[in-house]
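In what follows, a single structure is set out as structure tokens and then discussed.
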Amino acid sequence: HLAVECPLAGEHQVANALAAAIALDMAGFPPDGIRDTCWPGRLERVHRAPDIVLDGAHNPAGARALARYIERFYPGRRIWMIYAAMRDKAVEETAAILFPLAHEVIATAPAQSRAIRPEVIRELADHPRVRVAPRLADALAMISGAAPEDAVFITGSLFIVGEARALLVQ
């Protein structure tokens, strides 16, 4: 019988923690260290009122996990989504999973040559409220109208999450 404490947000992380605990147990190690695990940029809340959550959901599987998290923990709240992606990712599919959950989407791009232009994200998106910001700092300025009870998710690319951590995590 293993007792595992999982500090990571998201139901999928519970399954991951259990798999890690079983592997550690089979190798003869205790699973105690799992409780101290942190994973920057994965369902990482970096601000409150409004909540600002960073998640590098850069593929459809990650987008589905993020969507389940939003549906479970943020029902009835107005969701703002700052989204950026690389050209070689499944942008249309990922956007189709995430954007319906958002009241407003702000398409942007990290300072990365592989980034898809925000205007292209807007063209691909089937969402009535997609605005474009050339860079993350511009997108953050556009969420100034977010109410304290709203939630902002910065997602779609690990690069944009890295830039957001540099700006928002002290």
query = Which of the residues spanning the range 114-170 are closer than 20 Å to Asn59 by Cβ, out of contact with any strand residue (DSSP E or B) (no Cβ under 8 Å at 6 or more places or on another chain) and among the hydrophobic types (A, V, I, L, M, F, W, C)?
reply = Val120, Leu124, Leu158
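Can you tell me which residue among Ala19, Ala23, Ala9 is at pLDDT below 95, touching a strand residue (DSSP E or B) at 6+ places or on another chain (Cβ under 9 Å) and either at negative phi or not charged (D, E, K, R) (or both)? Please lay out each step first, then the result.
On the way: Ala19 fails: touching a strand residue (DSSP E or B) at 6+ places or on another chain (Cβ under 9 Å); Ala23 fails: touching a strand residue (DSSP E or B) at 6+ places or on another chain (Cβ under 9 Å).
Only one candidate passes the filter, namely Ala9.
Please list, ordered by residue number, the strands (runs of 3 or more DSSP E) wholly in the range 30-145 having 2 or more residues that are under 15 Å from the mean Cα position of the chain (by Cα).
Numbers: elements: 44-47, 51-55, 79-83, 104-107, 130-132.
Output list reads 44-47, 51-55, 79-83, 104-107.
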Residue satisfying condition, being in contact with a helix residue (DSSP H, G or I) (Cβ under 6 Å, 6 or more places away or on another chain) and either at pLDDT below 95 or within 24 Å of Ala166 (Cα to Cα) (or both), within set Ile143, Ile82 = Ile82
ask   = Under 9 Å by Cβ, and 6 or more places apart or on different chains, what pairs join a residue from the range 42-67 that is farther than 26 Å from Ser144 by Cβ and aromatic (Phe, Trp, Tyr) with one that is open to solvent by 10 Å² or more (accessible area, probe 1.4 Å) and part of a loop (DSSP other than H, G, I, E, B)?
value = none
inquiry  = For the range 119-140, which positions are closer than 23 Å to Leu167 by Cα and open to solvent by 70 Å² or more (accessible area, probe 1.4 Å)?
reply    = Arg131, Pro134, Arg135
query = Is there any pair linking a residue in the range 101-118 that is free of Cβ contacts under 8 Å to residues at least 24 places away in the same chain to one that is in a strand (DSSP E or B), with Cβ under 7 Å and at least six apart or on different chains, and which?
reply = none
query = From the set of residues in the range 79-109 that are over 18 Å from Ala61 (Cα atoms) and not aliphatic (A, V, I, L, M), which is most open to solvent (accessible area, probe 1.4 Å)?
reply = His103
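The values are calculated or read from the model by the stated rules, or taken from the named source; none is laboratory data. Bear in mind that the values here come from a model prediction, so they are computed numbers and not experimental data. Every residue, glycine as well, gets a Cβ built from its backbone with ideal geometry; the counts of neighbours run over all protein chains shown. What goes into the accessible areas is simple: the full protein's heavy atoms, side chains included, and nothing from ligands, DNA or RNA. Shrake-Rupley method; radii C 1.70, N 1.55, O 1.52, S 1.80 Å.
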